[in-house]
Every structure is written in structure tokens, then in C-alpha cells.
Amino acid sequence: MKHIENDAAYKGLNVNNGVEQPPVVNPYLQPRRKKEYSVSEYVEHILKGDNAILSQAVTMVESANAQHQQIAQELIENCMPYSGKSLRVGITGVPGAGKSTSIDTLGMHVVEKGHRLAVLAVDPSSERSKGSILGDKTRMEALSVHANAFIRPSPSAGSLGGVARKTRETIILCEAAGFDIVFVETVGVGQSEIAVHSMVDFFLLIQLAGTGDELQGIKRGIMEMADGIAVNKADGNNIDKARLARQQFLNALHLFPPSESGWVPEVLTYSGYYNIGIPEIWDMVERYCAFTQKNGYFEKKRSRQSKYWMNETIHEELKNHFYQNPAIIDLLQKKEQQVINSETTPFIAAKELLEIYFNNTQFSVV
């Protein structure tokens, strides 16, 4: 670089040229590439309990890439014979009920009893940016560093009710990796509870007292699905309110018809933050499982869940196939505009699109 100060017109001034600027990126730095594993290598590492490889396999399952999906399906098929031996617990509750803190405390109680625990925490995705914070691990401080625990936050990505679409497949991989307890945490935004209820053995509803939400909690639907209700933050000045809420929930449960399992849902109070009443919650889960295994409902429910997810997969694949059809892609925007301009009704537009789809689709039986 030339400096004008070194010109003869400027007496007594002399500016050194300096040194050549080094490159921004280290020239000796070699980019690290993740090793690509075959399906058999993935299965081998998963069966050995390698959490790092398990994480990669879960990423493969969640990927929308067609090649990744093919590998993932082969992987799931190979892991199926080693799955199904865990206890699956769904945990739901309104945002702020203390689900993550409760899972951290309850999870530590479980692993200290000698179990291996996998936590599948579904994080809500933004409708605008489509991104997720995936910060559940930060609220599970003790569990996230325990050798016998595996925490996997996943984005809901707009799937059914906020539950990650691939959660059920992830459960299979975790069970093959030797995790005998699986927690599935829901977003707690409505329909997510239905999806989680269809993939777990025990469904725990976490409630709060003193928030004015007791009547909301008594509403049918979520209460009927719950196998157990736990009123959180029963500590300090909130103990009496928690006990009152417990009694209200018990009274409400008596109004519902008996459950198909024959189990009468219990209502407990606890404090996730202060680790009060946690053993009692886990005792309730174990008693439920022993009760339903004895009367045959446990296996009956799992068989029903498998059938449900087969049908859900069919619906999902048909929907994807419809929107990826070239004839539909070209025409969909036009039909949408006609509906917006009130040139046709949504029902007529949908019927016309479906007719075009069926006329341009060749179905074959394999």
C-alpha cells in the first residue's frame, strides 16, 4: 500500500508499509467431515448404547431429505426387534406448569433407581421463522449431564398438535439403545396431547393451583386421557391451594365414566423445584403399569397404538404426495387466488384439485 506521506513534498515524514495481513481463515485448518455410517454400522453402535451415534440416527429420522429417509426407514426396521421393552410416559401441562423442571427431578429419581432414561422434549416451532429454541436441556441441569440419561429436544415443525412427527420412530431407536424408560414431553398447546397419548403407556397431566384455571382443567378431553394428575408447586404459601385443587380434580374425576383400563386416575401434589412428592409420582406410574399388565390392557393399548400410527402415516404420505404432484403445484396457486377473489368456493376448488390429482396419478399395488 502506497502512503502519500512518503512523498518528497512532505519533509520529515516516513510511514512504514507494515506487514501483509494474514488470511482470515487458518490455511492449515482442515474441514472436519462427519463419518458416514452404513445402516448396519448405525445399528451396531446404537445397540452398544453409543449416544452420539444415536443422536445422528435421530437426526436422520427427522430429516426431510429423501436419501436420509430411506436410510432411516431401514434403520428403524433393523432396530424394531430390539424395541418395545421400555416404559413410555407422556408428560403434558400448560406452558409454565413446570414440565421441564419436573422431568429433571423425576428423571433423576428414575436413573438413581438404576434405570436408563430417554427424554424426548418437543419444542414449539415459530409459525413465522419456523425455528425453535431447543432449550429444554438448559432447564434439565442435573439430568442433562447424567451418564444414564439421553435428552433429545426436537422441533415440532408444525406437525400434528405440536408433537414431532417422527417421535414414535425415535422411541424405537432409544429402546434399541437400551433405554428402559422413555419420557415424551408435549408442547402443551391443544391437540399435542392426543398425539402423545397415542404413543405412551402412562399419561401424566401436570396442573397448577391458584391460577384460576381449575375449572379449565376440569373440562373433558384432557382429563379423560390422563392416567394420573400431579398438582405442581405445592410448597410454601401454595400448599393449601394445591391441596384444594387436588380435591377439586378428584371430585371432577368422579363425574367421568370408568376408564377402559379399569384404572382409577389418582391426583397427587408435589413440588418439582424442591423435590417434594416425586417418589410418590413414580410409585403411581409403576402401580398403573403393573395393574394394566395384569389385566391385559397394557398390550391391548400398544396394539391399538400401532394401528393408529399406521393410519396416521398413510394420511401423512397421501398429503405429501398430493402437494408434491406436478399438476397440483402448477394449479394450486391459481385455485387459491380464485377462492380469495370469491370466484369459486373452497369446497369446489378442493374437489377440482382432487379430481385433477386422481386423473394424473397412477396407482400401483406392490
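The values are calculated or read from the model by the stated rules, or taken from the named source; none is laboratory data. In this text the structure is predicted, and so the values were computed from the model without any measurement. Reconstructed Cβ throughout: ideal geometry from the backbone, glycine too, with neighbour counts over all protein chains shown.
Restricting the stretch 29-57 to residues that are under 18 Å from ASN148 (Cα atoms) and among the hydrophobic types (A, V, I, L, M, F, W, C) leaves a set whose member that is surrounded by the fewest Cβ atoms within 10 Å (Cβ to Cβ) is ALA52. Within the stretch 49-76, being among the acidic types (Asp, Glu) and closer than 14 Å to ARG168 by Cβ holds for one residue alone: GLU62. Every test in (1) touching a residue at least 60 places away in the same chain (Cβ under 8 Å); (2) at positive phi is passed by GLN305 save one, and that test is (2).
Evaluation of ILE348 against the conditions (1) assigned by TED's automatic domain parsing to the domain that holds THR167; (2) without any contact (Cβ under 8 Å) to a residue 12 or more places away in the chain shows that the sole unmet condition is (1).
Being at pLDDT 80 or above, in contact with a strand residue (DSSP E or B) (Cβ under 8 Å, 6 or more places away or on another chain), part of a loop (DSSP other than H, G, I, E, B) and closer than 20 Å to TYR273 by Cα: is that true of ALA234 here? So ALA234 passes the test. Regarding ASN251, is this residue in the same structural domain as LEU87 (by TED's automatic domain parsing) and surrounded by fewer than 18 Cβ atoms within 10 Å (Cβ to Cβ)? Answer is yes for this residue. Here HIS197 does not fit the description of being of a type outside the set (Asp, Glu) and modelled with pLDDT of 90 or more. Working only within the stretch 319-348, note down all residues that are exposed (fewer than 11 other Cβ atoms within 10 Å of the Cβ) and closer than 18 Å to ALA195 by Cβ. Result: LYS319, single match.
Yes/no matrix, rows are residues, columns are (1) modelled with pLDDT under 90; (2) assigned to a strand (DSSP E or B); (3) crowded, with 17+ Cβ neighbours inside 10 Å:
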site	(1), (2), (3)
ARG88	no, yes, yes
ILE91	no, yes, yes
PRO95	yes, no, no
GLY107	no, no, yes
VAL110	no, no, yes
ALA118	no, yes, yes
ALA121	yes, yes, yes
SER125	yes, no, yes
ARG128	yes, no, no
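Would you check if there is a residue in the stretch 72-83 being crowded, with 16+ Cβ neighbours inside 10 Å, in contact with a Gly (Cβ under 9 Å, 6 or more places away or on another chain) and assigned to a helix (DSSP H, G or I)? Scanning the stretch 72-83, I find at least one residue that is crowded, with 16+ Cβ neighbours inside 10 Å, in contact with a Gly (Cβ under 9 Å, 6 or more places away or on another chain) and assigned to a helix (DSSP H, G or I), so the answer is yes.
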